[in-house]
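Below is one structure, written out as structure tokens; the observations come after it.
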Amino acid sequence: MTVTTEGGFPVGEYATRLVVGVGGRAGVSVAEVCALVEETLRGAGLAADAVTALATVDSKADEEGIAGAAKRFGVPLLGYPAEVLAEIAVPHPSEAARAASATPSVAEAAALAAGGELLVPKRRSVAATCAVATAQGHDLRHHGDAEVLDADAALVDLAVNVRAHTPPQWLTRRIAASLGDLAAYPDGRAARAAVADRHGLPVERVLLTAGAAEAFVLIARALDAVRPVVVHPQFTEPESALRDAGHRVERVVLRAEDGFRLDPAAVPEDADLVVVGNPTNPTSVLHPADTLAALARPGRLLVVDEAFMDAVPGEREALAGRMDLPGLVVLRSLTKTWGLAGLRIGYVLAEPGVIAKLAAAQPLWPVSSPALVAAEACVAPAALAEAREAARQIAVDREHLLAGLAEFEEITVSGVAQGPFVLIRVEGAAEVRLRLRALGFAVRRGDTFPGLDRSWLRLAVRDRVTTGRLLQALDRALALSGGR
């Protein structure tokens with residue numbers, strides 16, 4: 001397991017941008033830093049408008065000349081802990097730099113920290129240094145629905161994790177019946193009380209939101225985090241929302257070799273906001289409740305995204321409903337199990353003070369009347385019983401999918417899948433994905449998730465018949481792409 005800080009730049013699938021690593025003596029001027037960067041780019045035939053960020057060591061991030069240069073270029077300044085940069089191999093290490101900043105080359109290490117390749121090694125002026133690297137960033141705004149938008153032909157959708165054949169007719173009828181009340185402003189009291197009752201919580205601990213995505217935006221904007229940490233690979237909206245709100249986000253990246261399991265000790269002790277999914281999208285790993293509870297402490301907000309927890313039989317390892325953990329914030333979504341992605345409904349469970357801050361950042365009437373009706377309906381006893389049965393069937397269908405995938409020696413499943421999706425690793429995954437698309441199946445590419453690369457694909461769990469057809473198509477796709 002490693003702790004890293006990355007750029008997460010919203011670039012296209014194959015796009016490349018530039019990161020300029022910068023170092024400087026105390027008091028270096030903005031003019032000198034800018035002149036060195038411009039001369040370095042010009043000498044390498046690189047365009048200044050391709051620069052996505054300047055990067056440096058944390059201890060230099062407040063240096064006026066470096067921070068001012070980032071502003072002049074109109075790009076963010078990324079600061080990295082010295083211990084992170086010290087672990088990055090650089091072509092031109094310097095003992096003087098190591099003694100001054102605890103890293104062998106601030107400029108080269110900071111340029112490489114986003115995981116790209118060095119294009120221009122360290123260049124010097126009197127008081128500044130810089131180096132240029134590619135930044136093959138992760139597209140944090142890419143989601144599974146992009147795989148099926150504007151498709152030329154009907155595709156079997158295995159890219160989106162919404163349960164198939166939903167919403168059920170009884171829920172559709174309830175929502176349709178509410179349309180006669182659209183002239184009135186939404187009143188969320190009954191739905192909020194129903195959600196509170198479902199989790200055995202006081203109503204003051206519940207906030208209804210327009211899906212979990214709104215909750216991430218509220219958390220980023222309304223809660224004052226100084227050192228936010230996001231555990232990856234996971235759903236990318238939390239980090240995207242934090243970055244959009246001006247936060248410098250640090251990542252704890254879990255490794256496939258460890259089964260994507262989380263060691264609480266990997267999270268920096270002074271992190272005051274920690275975001276983790278459970279079960280995690282896209283790895284499908286279910287972290288033990290005790291492991292996540294170990295992250296809670298006074299002065300820290302622990303945000304646990306349980307959007308897929310109701311797809312886990314018995315909701316084992318859930319933290320929703322816990323009131324004994326300081327700073328716990330649990331997010332739930334009703335769009336996955338009930339097929340309501342287009343309606344946008346979810347909720348937050350947290351301490352009353354946190355709920356009050358989040359609510360103050362919401363616009364008036366943030367959740368529509370039909371969505372409120374859906375929320376109340378989906379937490380009723382009969383609906384919960386239906387969700388439990390759906391979770392049981394998903395577990396059976398997932399085992400059938402895993403058994404079929406095990407027949408392919410080219411495919412690896414890392415971690416123990418417990419959610420309604422499975423993450424696989426396969427050589428030539430990008431080509432396999434396109435082959436599957438041509439054969440009628442849309443699957444989710446994995447390289448937009450920090451911590452994963454283009455060898456990963458995510459598959460939604462479907463019924464046995466659909467899975468059988470997928471496995472046949474996968475066999476064909478591997479053969480066409482030269483995998484077998």
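The values are calculated or read from the model by the stated rules, or taken from the named source; none is laboratory data. The structure presented is a predicted model; accordingly, all values stated were derived computationally and were not measured. Note: ideal-geometry Cβ built from the backbone for every residue, glycine included; neighbour counts use all protein chains shown. Note: accessible area is taken over every heavy atom of the protein model, side chains too, but ligands, DNA and RNA are not part of it. Shrake-Rupley method; radii C 1.70, N 1.55, O 1.52, S 1.80 Å.
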(request) Using only alpha carbon pairs under 8 Å that are at least six residues apart, calculate the relative contact order of the stretch 243-343 and give it in whole percent. (result) 23
(message) Helix 381-405 against the longest principal axis of the chain: what's the angle in degrees, Cα atoms only, rounded to the nearest 10?
(response) 60
(request) Quick one: check the C-alpha center-to-center distance for the stretch 258-276 versus the stretch 389-433, whole angstrom. (result) 25
(message) What does DSSP give for the stretch 276-395 in terms of the percent of beta bridges that are antiparallel, rounded to the nearest 5?
(response) 40
(request) With a/c under 1.5 counting as rounded, go ahead and sort the stretch 216-291 into rounded, prolate or oblate using the C-alpha gyration tensor (a ≥ b ≥ c being the square roots of the eigenvalues; past the cut-off, prolate if a/b is larger than b/c, else oblate). (result) prolate
(request) Compare the Cα positions of 242, 165, 423 along the charge dipole of the chain (+1 at Cβ of Lys, Arg; -1 at Cβ of Asp, Glu; about the Cα centre) and return the one farthest towards the positive end. (result) 165
(message) I'd like the accessible area for residue 62: 1.4 Å probe, protein heavy atoms, all chains in place, Å² to the nearest 10.
(response) 140
(request) With both partners inside the chain, how many of the DSSP beta bridges are antiparallel, as a percent to the nearest 5? (result) 55
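Leaving ligands, DNA and RNA out of it, rank 309, 323 by accessible area with a 1.4 Å probe, largest first. Please report the intermediate quantities before stating the final value.
Working: 309 0, 323 100 Å².
The ordering from most to least exposed comes out as 323, 309.
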(request) Would you kindly state how much longer the chain becomes between residue 25 and residue 173 on full extension, computed as 0.36 nm times their sequence separation minus their alpha carbon distance, in nm to one decimal? (result) 46.5 nm
(message) Probe radius 1.4 Å, ligands and nucleic acids left out: which of 456, 365 has the largest accessible area, and how do the rest follow?
(response) 365, 456
(request) Find, among the GluC sites (Glu not before Pro) in the stretch 54-126, those assigned to loop by DSSP (not H, G, I, E, B) with at most 11 other beta-carbon atoms within 10 angstrom. (result) 117
(request) Please determine, in degrees from 0 to 90 and to the nearest 10, the orientation of helix 64-73 with respect to the longest principal axis defined by the Cα atoms of the chain, where the helix direction is its Cα long axis. (result) 60
(message) Restricting to DSSP H runs of at least four residues, report the calculated mean residue ellipticity at 222 nm for the chain, -39500 (n - 2.57) per run over all residues, nearest 500 deg cm²/dmol.
(response) -10000 deg cm²/dmol
(message) Tell me the accessible surface of residue 465 in square angstrom (1.4 angstrom probe, heavy atoms of protein chains only), to the nearest ten.
(response) 110
(message) Let me check something: with ligands and nucleic acids excluded, how do 39, 409 order by accessible area (1.4 Å probe), largest to smallest?
(response) 409, 39
(message) Leaving out ligands and nucleic acids, and using a 1.4 Å probe, what accessible area per residue does the stretch 168-276 come to in Å²?
(response) 44
(request) Using +1 at the Cβ of each Lys and Arg and -1 at the Cβ of each Asp and Glu in the stretch 268-353, identify which of 312, 323, 334 lies farthest towards the dipole's positive end. (result) 334
(request) Compute the acute angle (0 to 90°) between the alpha-carbon long axis of helix 189-199 and the principal axis of greatest extent of the alpha-carbon atoms of the chain; round to the nearest 10°. (result) 90
(request) Can you send over the carbon and sulfur percentage of the accessible area for the chain, probe radius 1.4 Å, protein chains only? (result) 52
